[in-house]
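Asker: After the structure tokens below, expect a handful of questions from me.
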Amino acid sequence: MSGVFGGQSAAAAPASGASGLFQLLRDGRPRTRAELAAQTGLARSTIASRIDGLLALGLIAPVGDAISTGGRPSSRFAFNPTARVVLAADLGATHATIGISDLSGTIQARHSDPIDITDGPDRVLGWLADSGRELLHSAGHDLGDLAAIGIGLPGPVEHVSGRPTNPPIMPGWDGVDVPGRLRDRIDVPVLVDNDVNLMALGEVAYAWPGVQHFLFVKVATGIGSGVISSGVLQRGAQGIAGDIGHVQVPHGADTPCRCGNRGCLEAVASGPAIAETLRRAGLDSPNGADVIARVRAGDVQAIQAVRQAGRDIGEVLAACVSLINPSVIAIGGSMAQAGEHLIAGAREVVYARSMPLATEHLSIVQSRAAADAGLIGAGVLAIEHVLSPERIDALAVSEAVGF
Ligand SMILES: [Zn+2]
């Protein structure tokens, strides 16, 4: 299979319309009309007209030739991921990365800039539109090739409307119609989600294709998670499913948290919290980056502090394991660079606290997509929209009536 897709797309494959045929072909394996007829049970004439429709849309292309039983070559068809591209954007508090991805999820070109998310939506989305256009052109495409834009934001987002909801570190963004504002500049569908949700999508697509029950944990300035259950990203009623940073942990005691409560996971196990632990132990440890440097240098106090943070995270993950029974938990975000010590602490508690059946086949691992998880996920979000059965059927109908 080419590209980075797995279970997310394979789950929804109705056998009707052009989309049903297309979802079969999305695995990249070339098939003849006869093979498609046998696989779907559809009449040869129906297959032929749907193939013509998908060829006209450019979404599939003939590849090579198979020798049919009569000795006559018969064309085979496969997904054509280069038909269109999407623009993916991973916007952080102080740093943004954009990428151009083909429809298989392969990033073709990328660009990063320092930004300040507190500059507000006009400035940041203006930067995104301008840089996106430039990147598109430098990658040899024009706006006509662009099928959609996927954006990850560092705060809660109502995914259906693409509006941030009370984002704590994004003053000026609350309730803003991000898709609408961006479409004023580039008129294509715009999909928006929380950055950790997109990291979950990106990590599964990149490293765990086909995994249906998955948890991504981001440990950085804050702590959050993205939940995939039965192959579907779980956003919850208000889009904040997976917000595990403010669950109280036993070791948290009276430690105050920025949310106003005490003893939250984030208050004891985030990058700044670990740095604070080291400062209390008399070390000059200004931030999470310093903690990582100390761990890499073999500083025992730093290693112990990171391992304890891993155990605190493990306390909350043990509850998550009971609730959603994931087969993979990937830990990412900047503090995951502290390596195995954080993971080891989390494993220690999860394996001790969870039912044996839940952990028998559970992997707790470091994120493999690492710093790219959010960018890949933003691309996946856009591509899933572009290649959704509803969109393909709608496109096929427009094509058939001559639009
Ligand atoms: Zn809190």
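The values are calculated or read from the model by the stated rules, or taken from the named source; none is laboratory data. Note that this is a predicted model, so its numbers are computed, not measured. Neighbour counts run over all protein chains shown; Cβ positions are idealised from the backbone, glycine included. Surface accessibility is based on the protein's heavy atoms, side chains included, excluding ligands, DNA and RNA. Shrake-Rupley method; radii C 1.70, N 1.55, O 1.52, S 1.80 Å.
Asker: Determine the relative contact order of region 192-330: mean sequence separation of Cα pairs under 8 Å and six or more apart, normalised by residue count, in whole percent. Provide the component values of the computation, followed by the final result.
Answerer: On the way: 218 pairs, mean separation 31.6, N = 139.
Once normalised by length, the contact order is 23 percent.
Asker: How many Å² of accessible area per residue for region 127-180, probe 1.4 Å? Show your work: numbers first, answer last.
Answerer: Details: 2140 Å² over 54 residues.
Result: 40 Å² per residue.
Asker: Still on this structure: Once label points are set 7 Å from the Cα along Cα→Cβ at both residue 230 and residue 344, what is their separation, rounded to one decimal in nm?
Answerer: Using points 7 Å along Cα→Cβ, the separation is 3.9 nm.
Asker: Here is a follow-up. Quote the relative contact order of the chain in percent (integer), defining contacts as alpha-carbon pairs under 8 Å separated by 6+ residues.
Answerer: Numbers: 844 pairs, mean separation 67.6, N = 403.
Relative contact order here is 17 percent.
Asker: Could you work out how much longer the chain between residue 361 and residue 177 gets when fully extended? Use 0.36 nm per residue separation minus the Cα distance between them, nm to one decimal.
Answerer: Numbers: separation 184, 0.36 × 184 = 66.24 nm, distance 4.21 nm.
Here the segment from residue 361 to residue 177 would lengthen by 62.0 nm.
Asker: Rounded to the nearest 5, what % of DSSP beta bridges with both residues in the chain are antiparallel?
Answerer: Values: 36 of 56 bridges.
Percentage antiparallel, nearest 5: 65.
Asker: Further question: Take 390, 340 and sort them by solvent-accessible surface of the protein heavy atoms, 1.4 Å probe, largest at the top. Mind dumping the intermediate values first?
Answerer: Working: 390 130, 340 95 Å².
Putting 390, 340 in descending order of accessible area: 390, 340.
Asker: In addition: Taking K and R as +1 and D and E as -1, what net charge do the other residues with C-beta under 12 Å from the C-beta of residue 226 add up to? Don't skip to the end; give the middle numbers.
Answerer: Values: positive: 218, 235; negative: 193, 195, 203, 243.
Within the 12 Å Cβ shell, the charges total -2.
Asker: Go ahead and set up a Gaussian network model of the chain, Cα springs under 10 Å, then flag whichever of 330, 371, 96 fluctuates most.
Answerer: Looking only at 330, 371, 96, the largest GNM fluctuation is found for 371.
Asker: Mind checking the log10 I(q)/I(0) for region 92-225 at q = 0.08, 0.15, 0.19 Å⁻¹? Debye, one equal scatterer per Cα, no solvent, two decimals.
Answerer: Here log10 of I(q) over I(0) equals -0.21, -0.77, -1.24.
Asker: How much net charge surrounds residue 240 when only the other residues with a Cβ under 15 Å from the Cβ of residue 240 are counted, with Lys and Arg +1 and Asp and Glu -1? Display every interim value, and only then the final one.
Answerer: On the way: positive: 163, 218, 235; negative: 158, 174, 193, 195, 243, 266.
Computed value for this residue: -3.
Asker: Between residue 46 and residue 82, what FRET efficiency follows from the Cβ-Cβ distance if R0 is 22 Å, with the result rounded to 0.05?
Answerer: 0.25
Asker: Counting only protein chains, not ligands or nucleic acids, how are 334, 270 ordered by accessible area (probe 1.4 Å), most first?
Answerer: Details: 334 50, 270 5 Å².
The ordering from most to least exposed comes out as 334, 270.
Asker: Could you work out the helix-only [θ] at 222 nm for the chain, with each DSSP H run of four or more residues adding -39,500 (n - 2.57) and the total divided by the number of residues, to the nearest 500 deg cm²/dmol? Mind showing how you got there, number by number?
Answerer: Working: 15 runs with 165 residues, N = 403.
Dividing the helical sum by the residues of the chain leaves -12500 deg cm²/dmol.
Asker: What accessible area per residue, rounded to a whole number of Å², is obtained for region 274-328 using a probe radius of 1.4 Å? Please report the intermediate quantities before stating the final value.
Answerer: Details: 2550 Å² over 55 residues.
About 46 Å² of surface per residue is accessible.
Asker: Run the 1.4 Å probe and let me know the accessible area of residue 127, rounded to the nearest 10 Å².
Answerer: 50
Asker: Could you put 183, 296, 262 in order of accessible surface area, largest first, with the 1.4 Å probe and the full protein assembly present? Show your work: numbers first, answer last.
Answerer: On the way: 183 95, 296 165, 262 125 Å².
Most to least solvent-accessible, the answer reads 296, 262, 183.
Asker: For region 98-153, what size does the Cα cloud have along each of its three principal axes, sorted from largest down, in whole Å?
Answerer: Projected onto the principal axes, the Cα atoms of region 98-153 cover 32, 18, 18 Å.
Asker: Compute the long axis of helix 195-207 from its Cα atoms, compare it with the longest principal axis of the Cα atoms of the chain, and write down the angle in degrees, 0 to 90, nearest 10.
Answerer: Rounded to the nearest ten degrees, it is 60.
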